[in-house]
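Have a look at the structure below, then the notes.
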Amino acid sequence: MAGVTLDERTRLSIEIALTAHSGCLPLLQRQDADASRLGMTDAEVDAARRGSSFDFSIAQATALALA
């Protein structure tokens, strides 16, 4: 079976979801900066912090990572 490769936007969305309640301000600020660099909107970052996404494939990958 071939491995699955996640793009940078998907990986960051998963990271944001997994660490959303960490309370680590430097981490959250770095994630915000990375998201901005990737062209993610504030709404997309907020959705990721809730464990979701507006993009179906990212939402599925995030749900799997959180499960």
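We did not get these values from a lab; they are worked out from the coordinates using the rules stated. Fair warning: this is a prediction, and the values are worked out from it, not measured in the lab. Please note: Cβ atoms are built from the backbone with ideal geometry, for glycine as well, and neighbour counts cover all protein chains shown.
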Exercise for the section: Would you be able to say whether some residue in the range 9-24 is loosely packed, with under 11 Cβ neighbours inside 10 Å and in a helix (DSSP H, G or I)? Expected result: no
Practice task
Keeping to the range 46-67, report how many residues are of a type in the set (Ser, Thr, Tyr), closer than 17 Å to Asp7 by Cβ and not in a helix (DSSP H, G or I).
Solution key: 1
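Restricting the search to the range 1-31, which residues are small (Gly, Ala, Ser) and over 17 Å from Ser52 (Cβ atoms)? Explain how you work it out, then say what you get.
Here is the first cut: in the range 1-31, the ones small (Gly, Ala, Ser) are 2-3, 13, 17, 20, 22-23.
The answer is Ala2, Gly3, Ser22, Gly23.
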